[in-house]
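This report concerns only the one structure given below.
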Amino acid sequence: MASHPKPVVSFLGPVASYSHQAVRQIFPEEKWELRPVGTIDDVFDEVQDRQVTAGVVPFENSTNGSVVFTLDNLADRDGRYKGITVDGEIFVDVHHCLLGRKAPSGKPDEPHEGSGTCTPTATDPSPSKPKSAPLSSLSHIKRLYSHPQAFGQCNAFISTYLKGVEIFEVSSTSKAAEVVSQDETGTWAAISNQLASSLYSLDLLGKNIEDREDNTTRFLIIGTNPTVPEDWDLQKQSIAKSGSRSLVSFTVPHASPGALADALSCFREFSLNLTSINSRPSLLAPFQYIFFVEFEGHKYDDPDGRVKGALERISQVAQSWRWLGSWERYR
């Protein structure tokens with residue numbers, strides 16, 4: 001008998017990215033085909049075009065805040081992603097490493113204090129001290145590659161040990177490791193993870209270089225499904241359920257005083273706790289915004305009708321709005 005093809009889940013690659021680690025937590029390879037793609041836009045495109053069953057995208061980091069690339073696609077200003085819903089979330093503990101080539105004259109196992117220090121400035125009079133030191137000399141490093149979020153999560157280490165190094169943003173931390181692996185000068189480094197060190201045969205120049213030990217990234221599972229299919233392995237046996245969440249986006253008439261307060265009061269009216277609020281430019285006019293509100297509650301598990309009531313009220317006071325999804329929370 002011919003075997004049925006596996007459903008496909010796409011994620012921000014290359015292999016060994018934090019998105020890849022998130023996918024591996026939820027989508028076992030014996031049941032799913034894991035497909036890395038080049039950008040967050042590519043994940044949304046493949047899901048919307050139904051080339052894949054699901055996609056995984058980074059949404060926010062506990063240290064550095066929201067991932068604007070994902071928010072911009074959820075804003076869907078051009079109507080490209082009308083079918084996409086948020087169907088779940090994944091949490092990944094993020095521990096960054098500095099990868100590259102050791103200095104030819106450096107001692108492999110001798111920590112090095114680096115050329116820079118945490119210098120107080122007018123805007124940051126008490127800069128944070130890095131919680132880890134380099135594993136070897138970094139004096140030869142001229143370029144540093146990573147995703148913008150990773151730079152924001154490793155400020156103290158960069159400002160102390162890599163001051164003056166030229167910064168290059170790439171699409172993912174694993175892409176940074178791939179780029180650095182092709183450097184023939186030995187003067188480039190990447191903020192990535194330990195798995196990428198092995199995959200791309202790079203030296204470990206620093207370990208756990210993130211500013212905070214509790215550094216965590218939340219990923220969203222997106223699909224074109226109103227609810228999560230039963231065959232998705234959400235590991236319900238081993239992780240405790242911690243309630244439900246829903247996400248909506250809306251715009252308000254900016255010329256109307258109190259319009260945003262009116263929209264937010266819809267959730268208070270029905271005793272729904274807000275867990276996050278974000279905004280992105282609407283691009284309809286300067287300094288007008290699309291707002292994103294995440295709240296406790298589930299559209300399809302709403303016995304007392306509070307979510308239904310809030311959504312009906314928001315439809316009356318918002319200029320435009322969209323329900324983006326509901327999901328059960330698991331940690």
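The values are calculated or read from the model by the stated rules, or taken from the named source; none is laboratory data. As the structure is a prediction and not an experimental result, all values here were calculated from the model. Glycine also receives a Cβ, built like all others from the backbone with ideal geometry; neighbour counts cover every protein chain displayed. Quick note on the areas: whole protein, heavy atoms, side chains included, nothing else; ligands and nucleic acids left out. Shrake-Rupley method; radii C 1.70, N 1.55, O 1.52, S 1.80 Å.
Using the C-alpha gyration tensor of the chain, what are the square roots of 5 times its eigenvalues, in whole angstrom, with the largest one first?
Square roots of five times the eigenvalues give 39, 25, 17 Å.
If one computes the Cα centroid of the range 1-76 and of the range 84-102, what distance in Å separates the two points?
12 Å
Please calculate how many Å² of accessible area the chain carries per residue, with a 1.4 Å probe and no DNA, RNA or ligand atoms counted.
In whole numbers, the chain has 48 Å² accessible per residue.
Just in the range 4-64: which trypsin sites (Lys or Arg not before Pro) are loop by DSSP and have at most 12 other Cβ atoms within 10 Å?
31, 50
Rounded to the nearest 10 degrees, what's the angle between the helix 306-317 long axis and the longest principal axis of the chain, both from Cα atoms, 0 to 90?
90 degrees
Percent of accessible area on the chain owned by carbon and sulfur, 1.4 Å probe?
49 percent
Work out the length of the dipole vector of the chain about its Cα centre, built from +1 on the beta-carbon of each Lys and Arg and -1 on the beta-carbon of each Asp and Glu, and round it to the nearest 20 debye.
That gives a dipole near 300 debye.
Modelled label-to-label distance, residue 15 and residue 184, 7 Å Cα→beta-carbon offset: nm?
Calculated label separation equals 2.6 nm.
Of all the stretches in the chain, which is the longest one without any exposed loop site, taking chymotrypsin sites (Phe, Trp or Tyr not before Pro) in a DSSP loop (any state but H, G, I, E, B) with at most 14 other Cβ atoms within 10 Å?
1-286
Using θ = phi - 60° and the Karplus form 6.51 cos²θ - 1.76 cosθ + 1.60, what ³J(HN,Hα) does each residue of the range 73-84 get, whole Hz, x for Gly and Pro?
Per-residue couplings from phi come out as 6, 5, 5, 6, 4, 9, x, 6, 10, 5, x, 7 Hz.
Which value in deg cm²/dmol, rounded to the nearest 500, describes the helix-derived mean residue ellipticity at 222 nm for the chain, given -39,500 (n - 2.57) per DSSP H run of n ≥ 4 and division by the residue count?
Taking each H run of at least 4 residues, the total per residue is -6500 deg cm²/dmol.
In nm, give the distance between the simple-model label positions of residue 277 and residue 30, each being 7 Å from the Cα along the Cα-to-Cβ direction.
Taking the simple label geometry, residue 277 and residue 30 are separated by 4.7 nm.
So which of 129/207; 31/299; 102/207; 82/299; 129/163 end up more than 20 Å apart, counting from Cα to Cα?
The pairs that break the limit, which is 20 Å between Cα atoms, are 31/299.
Taking θ = phi - 60°, what integer Hz values does the Karplus form 6.51 cos²θ - 1.76 cosθ + 1.60 yield along the range 261-272, in sequence order, with x for Gly and Pro?
4, 4, 5, 5, 5, 4, 6, 5, 4, 10, 6, 9
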